[in-house]
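S.K.: Before I ask anything, let me first share the structure, which is written out below as structure tokens.
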Amino acid sequence: MELNMIIKPQKGDKWSREEMILVFNLYFKIPYRTFTNRNPEVISLANLMGRTPSSIALRLSNFASCDPLLQGRGIKGMDAHKKKCQIYWDEFFENKERLVFESEQILSKYQDTTIEHKYDDILSNIPKDIKGESRLKEVKTRVNQNFFRKMVLANYDNKCALTGIDIKELLIASHIIPWSVNDKERLNPENGICLSTLYDKAFDCGLISFDDDYKLIFSKELQSNMDKVYYNKYFDSIKHNKLIIPNKYKPNTKFLEWHRDTILKK
């Protein structure tokens with residue numbers, strides 16, 4: 001896949017650590033095919049940083065050239081200036097929790113606000129008596145969960161991977177291996193599937209799963225109830241469906257195997 005534009009880097013233009021981290025943050029929030037100077041999110045970040053949208057798009061495609069999962073799918077990105085991005089890729093890719101919080105702090109600063117103020121809606125239900133390290137841990141968890149949602153929805157072009165529905169308010173970033181079960185894979189984009197609310201719930205409670213070819217699997221419990229009108233209405237119509245394969249990160253088949261072995265109701 002090639003970018004449908006020509007990007008001319010600015011010669012001799014040094015990028016700070018904060019700027020590189022901000023672009024790395026955006027890398028996970030938008031689909032690869034939108035790494036262009038016309039993307040509103042690219043333009044918005046460029047305005048915050050005092051950069052051109054083309055320079056942000058170039059850095060995004062440089063990060064893509066560092067991504068082994070994209071390389072494995074034949075998506076090369078742009079190798080020019082790759083070394084500058086590789087440093088941050090190596091530092092953060094295996095520690096996304098640190099990347100998320102540090103980059104969101106930097107982004108908040110550039111937006112002339114704080115994380116607590118910016119995420120007031122998702123932090124408002126943290127009890128007021130939780131303070132210090134305990135509160136910081138809670139804040140990090142909420143910010144990470146919000147980032148995971150943005151990352152997974154972007155990976156699937158804001159569409160349910162099972163039905164294609166694109167009403168954002170109905171979409172959930174479903175963990176294949178639950179957040180509480182595996183700390184290491186919490187922010188792994190291969191551990192997320194974008195599903196609409198009903199099918200997210202069915203997936204979480206083991207009524208449905210997916211095989212290694214991403215085909216839908218019904219639990220025996222679900223199959224035994226297919227004669228009921230409401231089961232038939234919402235599940236029979238999708239029984240032959242296969243997950244839509246995303247632009248960047250496919251669901252990891254080892255994670256899907258874990259879900260079938262551990263969560264799917266036999």
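S.K.: In whole Hz, with x marking every Gly and Pro, tabulate ³J(HN,Hα) for the stretch 235-244 from phi via Karplus 6.51 cos²θ - 1.76 cosθ + 1.60, θ = phi - 60°.
M.R.: 3J(HN,Hα) across the stretch 235-244, in whole Hz: 10, 4, 5, 10, 4, 9, 6, 10, 4, 5.
S.K.: Rounded to the nearest 20 debye, what is the charge dipole size of the stretch 26-106 about its Cα centre when +1 sits on each Lys and Arg Cβ and -1 on each Asp and Glu Cβ?
M.R.: 380 debye
S.K.: Want the number for Ile245 to Ser224: 0.36 nm per residue separation, take away the alpha-carbon distance, what's left?
M.R.: Gain on extension, Ile245 to Ser224, equals 4.7 nm.
S.K.: Follow-up question, since we're still on this one. Just name one of Thr52, Gln105, Cys205: the one whose Cα is farthest towards the positive end of the charge dipole of the chain (beta-carbon charges, Lys/Arg +1, Asp/Glu -1).
M.R.: My answer, from the dipole projection, is Thr52.
S.K.: Follow-up. Rounded to the nearest 20 Debye, what is the dipole magnitude of the chain about its Cα centre when Lys and Arg each give +1 and Asp and Glu each give -1 at the C-beta?
M.R.: In total the dipole reaches around 420 debye.
S.K.: Please state the charge dipole magnitude for the stretch 60-213, taken about the Cα centre, from unit charges on C-beta atoms (+1 on K and R, -1 on D and E), reported in debye and rounded to the nearest 20.
M.R.: With only Lys, Arg, Asp and Glu charged at Cβ, the dipole is about 420 debye.
S.K.: What does the C-alpha gyration tensor say about the overall shape of the stretch 71-189? Classify as rounded when a/c is under 1.5, otherwise prolate if a/b is larger than b/c, or oblate.
M.R.: The shape class here is oblate.
S.K.: Starting from the amide H of Ile217, placed 1.01 Å from N in the peptide plane, find each other amide H under 5 Å away whose residue is 5 or more places distant or on another chain.
M.R.: Those lying under 5 Å, H to H, from Ile217 are Ser209, Phe210, Asp211.
S.K.: If you stretched the chain out fully between Lys137 and Ser44, how much longer would it get, using 0.36 nm times the residue separation minus the C-alpha to C-alpha distance?
M.R.: So the extension gain works out to 30.6 nm.
S.K.: For the stretch 97-156, which whole-number percentage of the solvent-accessible area (1.4 Å probe, protein heavy atoms only) is attributable to carbon and sulfur atoms?
M.R.: 49 percent
S.K.: Further question on the same structure: Calculate how steeply helix 53-64 sits against the longest principal axis of the alpha-carbon atoms of the chain, using the helix alpha-carbon long axis, and give the answer as 0 to 90 degrees to the nearest 10.
M.R.: Value to nearest ten degrees: 60.
The values are calculated or read from the model by the stated rules, or taken from the named source; none is laboratory data. What you see is a predicted model; the values in this text were computed from it and never measured. Cβ atoms come from the backbone with ideal geometry, glycine included; neighbour counts cover every protein chain shown. Accessible surface is based on the protein model in full, side chains and every heavy atom, while ligands, DNA and RNA are left aside. Shrake-Rupley method; radii C 1.70, N 1.55, O 1.52, S 1.80 Å.
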